[in-house]
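Written below as structure tokens is the structure these notes are about.
Computed from the coordinates by the stated procedures, all read-outs in this text should not be read as laboratory data. Nothing here was measured: the structure is a model prediction, and the numbers come from that model. Cβ: placed from backbone, ideal geometry, glycine included. Neighbour counts: every protein chain shown.
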Amino acid sequence: MPSKPESRPDFMALALAEARAAAVRGEVPVGAVVSLDGRVVSKAGNRTRELADPTAHAEMLAIREACHALGAERLTGVDIHVSLEPCPMCAAAISFARIRRLYYGAADPKGGAVESGVRLYASPQCHHAPEVYSGMREGEAATLLKDFFRERR
């Protein structure tokens, strides 16, 4: 009898779990998961305050860890799931890493750089644009952020 096939992880649920963990640490609740062939390669939540590092966004940390785990500076064939639309720095890192697909939850009209703001991937200076899928569990991601900032006011 054949074994039951493994179900694919819900990568956005994992990214949201990383975002919730970031909020518990007092960080802006953003989480990211890098996957390859249906398995998690790396995951991270924001750690800018904890590490005193303005580049310690969830995407940057997850990309660094994935590069280390895969032994490569280019992540061809890899996907990234992020709870919030990436900022210009993270969108550029996704491009430089040659990530295949970007999935994100909530749009970020103030700081996003994919479908908001500078729209980095539409720029002629962008040498690699991933396939982009937005609105993944958008309501849950947006509520997490709104609740976090409401508690701090």
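When the charge dipole of segment 1-128 is built from unit charges on Cβ atoms (+1 for Lys and Arg, -1 for Asp and Glu) and taken about the Cα centre, the candidate among Ala56, Ala19, Thr76 whose Cα reaches farthest toward its positive end is Thr76. Could you tally the net charge around Gly139, taking each other residue with its Cβ under 14 Å from the Cβ of Gly139, Lys/Arg +1 and Asp/Glu -1? For residues surrounding Gly139, the net value is -1. Our note on the geometry: Cα centres of segment 7-62 and segment 97-153, 14 Å apart.
How large is Rg/Rh for segment 1-141, to two decimals, with Cα atoms and a Kirkwood Rh?
On the way: Rg = 14.6 Å, Rh = 15.0 Å.
Reported Rg/Rh (Cα atoms, Kirkwood Rh): 0.98.
How about segment 42-122: which trypsin sites (Lys or Arg not before Pro) there are in a DSSP loop, with at most 10 other Cβ atoms within 10 Å of their Cβ? Answer by residue number: Lys110. A simple spin-label model places the labels of Met89 and Val24 2.5 nm from each other, with each point 7 Å out along Cα-to-Cβ. Applying a DSSP loop filter and a limit of 13 other Cβ atoms within 10 Å to the GluC sites (Glu not before Pro) in segment 45-153 leaves Glu73. Note on segment 10-93: percent of Cα-Cα distances in each 5 Å bin, starting at 0 and stopping at the bin with the largest distance, equals 3, 18, 28, 26, 17, 6, 1. Positive contributions from Lys and Arg (+1) and negative ones from Asp and Glu (-1), summed over other residues with Cβ under 13 Å from the Cβ of Asp53, come out at +1.
Within 12 Å, Cβ to Cβ, of Cys90, how many net charges do the neighbouring residues add up to if Lys/Arg are +1 and Asp/Glu are -1? Don't jump to the answer; show the numbers that get you there.
Values: positive: Arg64; negative: Glu59, Glu85, Asp108.
With Lys, Arg at +1 and Asp, Glu at -1, the net is -2.
Assuming charge only on the beta carbon of Lys and Arg (+1) and of Asp and Glu (-1), the dipole of segment 5-153 about its Cα centre is about 220 debye to the nearest 20. Per residue, the convex hull spanned by the alpha carbons of segment 54-135 comes to 82 Å³.
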